[in-house]
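**Student:** Structure provided below as structure tokens; questions to follow.
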Amino acid sequence: MLSKLLIGVGAAALCATATISLADTSDKRIALSNNYAGNSWRQAMLASWEKVTGAAVADGTVAEAPAFTTAENQVTEQAAQIQNMILEGYDAIVINAASPDALNGAVKQACDAGIVVVSFDGIVTEPCAYRIAVDFHAMGKVEVEYLATRLDGGDLLEIRGLAGVFVDDEISAGIHEGVAENPQFKIVGSVHGDWAQDVAQKAVAGILPSLPEISAVVTQGGDGYGAAQAFAAAGRPTPLIVMGNRYDEMLWWKEQKDANGYETMSVSIAPGVGTLAFWVAQMILDGKEVPQDLTVPFLTITQDTLEDSLAATQPGGVANVEYSLEDAMAVVSGG
Amino acid sequence: MVDRLTSPRFLRAVLPAASFAILLIAIFYLKPRTMSYFGLNLMLQYTVPIALATIAQMFIITVNDLDLSIGPFVGLTACIGATWLADTPLLGILALAGCVAAYAALGALIHWRNLPSIVVTLGMSFVWLGIAVLILPTPGGTAPGWVKWLMGVKTPVVPFPIVATVVIGLVVHLLLMRSSYGAVLRGAGGNPRAIGRAGWSLLKTKMVMFGAAGFFGVLSGLSLIGLTSAADAHIADRYTLYAIAGVILGGGEFVGGRVSPIGAVIGAMTLTLTGSFLTFLKISPDWQIGAQGGILIIVLALRALINRREGLV
């Protein structure tokens, strides 16, 4: 442990004196501690991790980068997993955490053992860890800002996510802030679509008869296609629906675009954010200066990039982007 | 001498310790760096709350009942500990005392209406979880400073988790196995009719044992947040099964009265080590629960073999 500390100090000193020479990370081992793998987003996340870290191991950037997923999404199980990783002697641990607070004890132990801890998506609040957070608030606001560039104003329908989850509150708060700054828009109805197409379709169909003409629908991802179906079934004109990068949403958008030049945008979080966390960990081991808190850029699909994104996405999947070391460096210097 | 060493009684007593030792040696062999103060401390840290929950379960099993709610109950006490106990200590202590009293009352209810404990405690597990979610809707809170300090104590030479578990095992052993009322408590599980005829109140023994289980559940919850520093209503859901498995691994039996506090503590440590052992073997976590079950079955099969020999003698 002491020798590791000394190496760390040495590396830091080296970088301070000569910024061109960097510590070698080819003997470093980075582990992924993941709390859950039960949906398509997490599966895509693990696949991206395997792909990017596999290449990094093959070309000798790092020695090893295995992924470990706990079986039951339990805090105590993940804490024990992290402790075992400390004993295994990994140089860095990348975490998608089951709880923002309850893993702090184990995370602190890892830091004390000289291990770099990078959390992403499900972040941890322990100060010694690095956090790659998603700015859901900004994601909601971006939607309204986009609408302001397209429409002169009008009535909006808001589709929210799963009630009681903080992500839902954050995105919705961002949308409402955007509306407050663009008073030409007014939210006339709000339903919970639970980030699922079928739930969103039912909820929108239920509220539509009570609403005036809707000029746009603001969403949280996973609900845009269902909303479009509900409008079509009710025989109402299709408004501008903001999409959420799901395959079925992009496919519908493409069909509309080809048929009548339909224009919108799509925004969500790429599951490849795990690979960003990997490179951030690698950069820290490399002795680079990285801020403790980083914000992930969300993945926006525009009218021009729709075809490429659609082609690159598996049916039933989510549009993804995997980060390279250069991308990660751009995020770090930009953040 | 050889006869004594191969007697079923001796073998049965030694089996928990032997399985623990074999597992520990295997881990030392796989990862020599665990053979240190730091390594043992890290590996065994989470045994303290599990050992306390196992002791709680053992009290219930002693009186021939089974507690399916100990996991959510530990989660509830953890939530109380990380919120009320930290902010308004008096309210926190009252709430925790109320939890213990509720457990004793459950024991009374089960005895009074002659209800199956499995059904009652299964129902109560949802009640505990519900209250925990009400107290702490989203994960968070902070553990009181003294709890964190206690769980972070660096004892000289021997790591704190080992000291703590040994103390827990010995104290409970003295109270339950060596005291005269302890014999009555165990008898109430093994042969309730005899104890009842001898003039002891079976209602009281049930209440004492359930109350003691509640008390150790509270200790388990507090020691857990001392380690994690924050709570979550679901923090200890798995403890229900860990606790039952720990008691059984440690030589306890479902027939009531046949338990071993020291064995139960060793059982809890064995279970924790199993997780580390399987991780060090690089077995995917998807298989780990199954592999843990496999180790459990091997130990139980060995015990069945010993018992059969006892039957032959």
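The values are calculated or read from the model by the stated rules, or taken from the named source; none is laboratory data. Please read these numbers as outputs of a predicted model, since none were measured by experiment. Cβ: placed from backbone, ideal geometry, glycine included. Neighbour counts: every protein chain shown. Calculation scope for accessible area: heavy atoms of the full protein, side chains included, ligands and nucleic acids excluded. Shrake-Rupley method; radii C 1.70, N 1.55, O 1.52, S 1.80 Å.
**Student:** Just checking, how many residues over the range A:307-335 are farther than 12 Å from A:Tyr247 by Cβ and either part of a helix (DSSP H, G or I) or not β-branched (Val, Ile, Thr) (or both)? Even if it seems obvious, please write down each step before you answer.
**Tutor:** Going through the range A:307-335, the residues farther than 12 Å from A:Tyr247 by Cβ turn out to be A:307-308, A:321-335.
With either part of a helix (DSSP H, G or I) or not β-branched (Val, Ile, Thr) (or both) added as a condition, the list becomes A:307-308, A:322-335.
Residues that pass the stated criteria total 16.
**Student:** Here's something else I'd like to know. Going through the range A:139-152 one residue at a time, which ones are out of contact with any Ser or Thr (no Cβ under 8 Å at 6 or more places or on another chain) and more than 23 Å from A:Gln197 (Cα to Cα)?
**Tutor:** A:Glu145, A:Ala148, A:Thr149, A:Arg150, A:Asp152
**Student:** Restricting attention to the range B:155-167, report how many residues are touching a residue at least 40 places away in the same chain (Cβ under 8 Å) and of a type outside the set (A, V, I, L, M, F, W, C).
**Tutor:** Selection size over the range B:155-167: 3.
**Student:** Going by the conditions given, is A:Thr238 surrounded by 23 or more Cβ atoms within 10 Å (Cβ to Cβ) and more than 14 Å from chain B (Cβ to nearest Cβ)? It would help to see each step written out before you state the result.
**Tutor:** On the way: surrounded by 23 or more Cβ atoms within 10 Å (Cβ to Cβ): no; more than 14 Å from chain B (Cβ to nearest Cβ): yes.
When the stated conditions are applied, A:Thr238 does not pass them.
**Student:** Moving on to the next point. Please tell me if B:Ala243 is facing chain A (nearest Cβ under 9 Å) and touching a residue at least 24 places away in the same chain (Cβ under 8 Å).
**Tutor:** Values: facing chain A (nearest Cβ under 9 Å): no; touching a residue at least 24 places away in the same chain (Cβ under 8 Å): yes.
For B:Ala243, the condition - facing chain A (nearest Cβ under 9 Å) and touching a residue at least 24 places away in the same chain (Cβ under 8 Å) - is not met.
**Student:** Which condition breaks for A:Val118 when tested against (1) open to solvent by less than 30 Å² (accessible area, probe 1.4 Å); (2) more than 18 Å from the chain's Cα centre (by Cα)?
**Tutor:** (2) is the only condition that A:Val118 fails.
**Student:** Tell me whether the range B:142-149 contains one or more residues that are at negative phi, among the polar types (S, T, N, Q) and surrounded by 15 or more Cβ atoms within 10 Å (Cβ to Cβ). Talk me through it step by step, then tell me what you get.
**Tutor:** Step one: filter the range B:142-149 for residues at negative phi, giving B:142-149.
Now narrow it down to the ones that are among the polar types (S, T, N, Q): B:142.
Of the ones still in play, those that are also surrounded by 15 or more Cβ atoms within 10 Å (Cβ to Cβ) are B:142.
Yes, the range B:142-149 contains a residue that is at negative phi, among the polar types (S, T, N, Q) and surrounded by 15 or more Cβ atoms within 10 Å (Cβ to Cβ).
**Student:** I'd like the residue in the range B:209-268 that is assigned to a helix (DSSP H, G or I) and aromatic (Phe, Trp, Tyr) and, out of all such residues, is nearest to B:Ala194 (Cα to Cα).
**Tutor:** Within the range B:209-268, the match that is nearest to B:Ala194 (Cα to Cα) is B:Phe210.
**Student:** How many residues, within the range B:140-178, are polar (S, T, N, Q) and more than 25 Å from B:Ile80 (Cα to Cα)? Let's see the steps before the verdict.
**Tutor:** Within the range B:140-178, the subset polar (S, T, N, Q) is B:142, B:155, B:165.
Pick out the ones that are also more than 25 Å from B:Ile80 (Cα to Cα) and you get B:155.
Number of matching residues: 1.
**Student:** Report the residue count in the range A:188-213 for those that are open to solvent by less than 10 Å² (accessible area, probe 1.4 Å) and within 17 Å of A:Trp252 (Cβ to Cβ).
**Tutor:** 3
**Student:** Assuming B:Ala95 fulfils every condition listed in (1) free of Cβ contacts under 8 Å to residues at least 40 places away in the same chain; (2) exposed (fewer than 15 other Cβ atoms within 10 Å of the Cβ) apart from one, which condition is it?
**Tutor:** (2)
**Student:** On the given criteria, is A:Val290 in contact (Cβ under 8 Å) with a residue 12 or more places away in the chain and within 17 Å of A:Ala227 (Cβ to Cβ)? Spell out how you get there, then give the answer.
**Tutor:** Values: in contact (Cβ under 8 Å) with a residue 12 or more places away in the chain: yes; within 17 Å of A:Ala227 (Cβ to Cβ): no.
So A:Val290 fails the test.
**Student:** Is at least one residue of the range B:158-165 open to solvent by 40 Å² or more (accessible area, probe 1.4 Å), not hydroxyl-bearing (Ser, Thr, Tyr) and not in a helix (DSSP H, G or I)?
**Tutor:** yes
**Student:** Just to be sure I understand, how many residues within the range A:256-292 are surrounded by fewer than 17 Cβ atoms within 10 Å (Cβ to Cβ) and assigned by TED's automatic domain parsing to the domain that holds A:Ser172?
**Tutor:** Final tally of qualifying residues: 7.
**Student:** If you don't mind, another one. So, in the range B:168-214, how many residues would count as being small (Gly, Ala, Ser) and in contact (Cβ under 8 Å) with a residue 24 or more places away in the chain? Before the answer, list the steps.
**Tutor:** The initial filter retains those residues of the range B:168-214 that are small (Gly, Ala, Ser), namely B:169, B:179-180, B:182-183, B:187-190, B:194, B:196, B:198-199, B:201, B:211-214.
Of the ones still in play, those that are also in contact (Cβ under 8 Å) with a residue 24 or more places away in the chain are B:169, B:187-190, B:211-214.
Residues in the range B:168-214 being small (Gly, Ala, Ser) and in contact (Cβ under 8 Å) with a residue 24 or more places away in the chain: 9 in total.
**Student:** Please work out which one of (1) out of contact with any Gly (no Cβ under 7 Å at 6 or more places or on another chain); (2) under 17 Å from A:Thr264 (Cα atoms) is the condition A:Pro209 fails and give its number.
**Tutor:** Against the list (1) out of contact with any Gly (no Cβ under 7 Å at 6 or more places or on another chain); (2) under 17 Å from A:Thr264 (Cα atoms), A:Pro209 comes up short only on (2).
**Student:** All but one of (1) polar (S, T, N, Q); (2) closer than 28 Å to A:Val62 by Cα; (3) buried (at least 16 other Cβ atoms within 10 Å of the Cβ) hold for A:Thr295, so report the exception by its number.
**Tutor:** For A:Thr295, the exception is condition (3).
**Student:** Report, by residue number, each residue of the range A:25-81 that is more than 19 Å from A:Glu322 (Cα to Cα) and touching a residue at least 40 places away in the same chain (Cβ under 8 Å).
**Tutor:** Of everything in the range A:25-81, those that are more than 19 Å from A:Glu322 (Cα to Cα) and touching a residue at least 40 places away in the same chain (Cβ under 8 Å) turn out to be A:Thr25, A:Lys28, A:Arg29, A:Asn35, A:Tyr36, A:Gln78, A:Gln81.
**Student:** Is one or more of the residues making up the range B:108-130 out of contact with any Ser or Thr (no Cβ under 9 Å at 6 or more places or on another chain), in contact (Cβ under 8 Å) with a residue 40 or more places away in the chain, open to solvent by less than 40 Å² (accessible area, probe 1.4 Å) and over 20 Å from B:Tyr239 (Cα atoms)?
**Tutor:** yes
**Student:** Right, next: What are the residues in the range B:168-183 that are part of a helix (DSSP H, G or I) and open to solvent by less than 80 Å² (accessible area, probe 1.4 Å), if any? It would help to see each step written out before you state the result.
**Tutor:** Of the residues in the range B:168-183, the ones part of a helix (DSSP H, G or I) are B:168-178, B:180-183.
If the condition is that a residue be part of a helix (DSSP H, G or I) and open to solvent by less than 80 Å² (accessible area, probe 1.4 Å), then B:Ile168, B:Gly169, B:Val171, B:Val172, B:His173, B:Leu176, B:Met177, B:Tyr181, B:Gly182, B:Ala183 are the ones that fit.
**Student:** Quick one: in the range A:51-66, of everything that is outside any helix (DSSP H, G or I) and surrounded by 21 or more Cβ atoms within 10 Å (Cβ to Cβ), which residue is farthest from the other protein chains (Cβ to nearest Cβ)? Step through it out loud before you land on a result.
**Tutor:** Residues of the range A:51-66 that are outside any helix (DSSP H, G or I), as a first pass: A:59-66.
Those left that are additionally surrounded by 21 or more Cβ atoms within 10 Å (Cβ to Cβ): A:62, A:65.
Numbers: A:Val62: 17, A:Ala65: 14 Å.
It comes out as A:Val62.
**Student:** Show me the helices (runs of 4 or more DSSP H) found entirely inside the range A:101-203 where at least 3 residues are within 14 Å of chain B (Cβ to nearest Cβ).
**Tutor:** On the way: elements: A:104-112, A:136-150, A:166-181.
The qualifying helices (runs of 4 or more DSSP H) are A:104-112, A:166-181.
**Student:** So, one more: Filter the range B:275-308 down to residues that are within 14 Å of chain A (Cβ to nearest Cβ) and out of contact with any Phe, Trp or Tyr (no Cβ under 7 Å at 6 or more places or on another chain), then give me how many there are.
**Tutor:** Residues that pass the stated criteria total 18.
**Student:** Determine if the range A:135-149 includes at least one residue that is surrounded by fewer than 21 Cβ atoms within 10 Å (Cβ to Cβ), closer than 30 Å to A:Ala106 by Cβ and touching a residue at least 12 places away in the same chain (Cβ under 8 Å).
**Tutor:** Yes: the range A:135-149 contains one or more residues that are surrounded by fewer than 21 Cβ atoms within 10 Å (Cβ to Cβ), closer than 30 Å to A:Ala106 by Cβ and touching a residue at least 12 places away in the same chain (Cβ under 8 Å).
**Student:** I need the full set of residues from the range A:75-100 which are facing another protein chain (nearest Cβ under 7 Å), part of a loop (DSSP other than H, G, I, E, B) and either of a type in the set (A, V, I, L, M, F, W, C) or buried (at least 24 other Cβ atoms within 10 Å of the Cβ) (or both), in order please.
**Tutor:** A:Ser99
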